[in-house]
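Student: This structure is in structure tokens; I'll ask about it shortly.
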Amino acid sequence: MIGKSYKIKAGKTSHWLKRASPTPEHITLINKYMKVKNPVTLDVGCAEGENTSIFAQSGFKAVGIDYNKSFLDLATEKYPSIKFEFGDVEKMKYKTGAFDLVYCINTLFYTNLDKSIPEILRVVKANGFAFITFDTKIIDLDKEVIIHRASLDTLKNLVGEGATIVYMKSRQRTDKTPFKHRHVYYDILIKKV
């Protein structure tokens, strides 16, 4: 988990909105596996709602949650027809099996993985999916220090026997704000059995 000194505060805009959203590519992949029409989808860590909006425009019944109320205010203002709610990925208010798809990108490194991964899988329906980005390393390039590390073995243990990883692709990206840092991560699609 990233330490409190690195937590990003909401401003007028999020630094990750300055790059192209990977969500359209993710939706293409998800649609290869998921055969549900208009899947009920939860966008966890939705920030300002851009990805939630992309899901809604693609025929998904999308709801966004975030722990940052400033982001939720911006999301509600930008996308008034979409439902956005305050929520904590480590303890969500939703019933077990409430969603066909849970989408969680660029968020898990802020959380306690022992709580967030099982909670994501709890709210996914049987035969539903969770799409996550799982950062194995984040490096502060200015200070040349690793600020986050997690292992794929940890993820596999948390996924357990009730779900299976059906897709995994290694990726990297470098962001210049709010400080220069590199993410080493995986796009992962998990099917709940």
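All of the numbers you see were taken from the coordinates with simple rules; none came from a lab. If you're wondering where the values come from, they're calculated on a predicted model, not measured in any experiment. Note that each Cβ is placed from the backbone with ideal geometry, even for glycine, and that neighbours are counted across all protein chains shown.
Student: Net charge within 10 Å of G97 by Cβ-Cβ distance, Lys/Arg positive one each and Asp/Glu negative one each, not counting G97 itself?
Tutor: Within the 10 Å Cβ shell, the charges total +3.
Student: Using the Kirkwood radius over Cα pairs, work out the Stokes-Einstein diffusion coefficient for the range 4-192 at 25 °C and 0.890 mPa s, in µm²/s as a whole number.
Tutor: D = 146 µm²/s.
Student: Considering amide H positions built from the backbone, and no H for Pro or chain starts, which residues 5 or more places from C46, or on another chain, come under 5 Å of its amide H?
Tutor: I65, D66
Student: Right, another one. Please work out the FRET efficiency for the pair D88 and E144, using the Cβ-Cβ distance as r and a Förster radius of 35 Å; give the result to the nearest 0.05.
Tutor: For R0 = 35 Å, the calculated efficiency reads 0.60.
Student: Once amide H atoms are built 1.01 Å from N in the peptide plane, which residues 5 or more positions from V123, or in another chain, come under 5 Å H to H?
Tutor: G97
Student: When only Cα pairs under 8 Å and 6 or more residues apart are kept, what is the percent relative contact order across the chain? Walk me through the numbers on the way to the answer.
Tutor: Working: 382 pairs, mean separation 35.7, N = 193.
Answer for the chain is 19 percent.
Student: Within 10 Å of each residue's Cβ, count the other Cβ atoms and sort V145, V89, V44 from fewest upward. List each step's numbers first, then the result.
Tutor: Values: V145 10, V89 24, V44 27.
Sorted ascending by nearby Cβ count, the order is V145, V89, V44.
Student: While we're on this one: Sequence gap at least 6, Cα distance under 8 Å: using those rules, report the relative contact order of the range 103-193 to the nearest whole percent. Before the final figure, lay out each step's value.
Tutor: On the way: 167 pairs, mean separation 32.1, N = 91.
That works out to 35 percent.
Student: Order these by the 10 Å Cβ neighbour count, fewest first: D153, D140.
Tutor: D153, D140
Student: Near the amide H of K83, under 5 Å away, which other amide H atoms are found, from residues 5 or more places off or on another chain, if H is placed in the peptide plane?
Tutor: So K83 has HN proximity to G64.
Student: A further question follows. As an exercise, identify the GluC sites (Glu not before Pro) in the range 103-171 lying in DSSP coil whose Cβ has no more than 10 other Cβ atoms within 10 Å.
Tutor: Sparse-neighbourhood loop GluC sites (Glu not before Pro): E144.
Student: If you take every DSSP beta bridge whose two residues both sit in the chain, what share of them, in percent to the nearest 5, is antiparallel? Walk me through the numbers before you get to the answer.
Tutor: Values: 27 of 44 bridges.
Looking only at bridges with both residues in the chain, the antiparallel portion is about 60 percent.
Student: Round to the nearest 0.05 the FRET efficiency obtained for K61 and V184 when R0 = 41 Å and r is the Cβ-Cβ distance.
Tutor: Details: r = 33 Å, r/R0 = 0.81.
Taking R0 as 41 Å, the efficiency between K61 and V184 is 0.80.
Student: Beyond a 28 Å Cα-Cα separation, which of these cross-linked pairs lie in this structure: K61/K169; K78/K137; K32/K78; K37/K78; K78/K191?
Tutor: Checking Cα-Cα distances, K78/K137; K32/K78; K78/K191 exceed 28 Å.
Student: Run the quick spin-label model on T174 and K115: label points 7 Å from Cα toward the beta carbon, then report their separation in nm to one decimal.
Tutor: 3.5 nm
Student: On to the next question. Between the DSSP loop rule and a limit of at most 14 other Cβ atoms within 10 Å, which chymotrypsin sites (Phe, Trp or Tyr not before Pro) in the range 29-101 are left?
Tutor: Answer by residue number: there is no such site.
Student: Using the Karplus curve 6.51 cos²θ - 1.76 cosθ + 1.60 with θ = phi - 60°, work out ³J(HN,Hα) for each residue of the range 119-128 in order, rounded to whole Hz, and write x for Gly and Pro.
Tutor: Taking θ as phi minus 60°, the curve returns 5, 4, 5, 4, 8, 8, 5, 4, 6, x Hz for the range 119-128.
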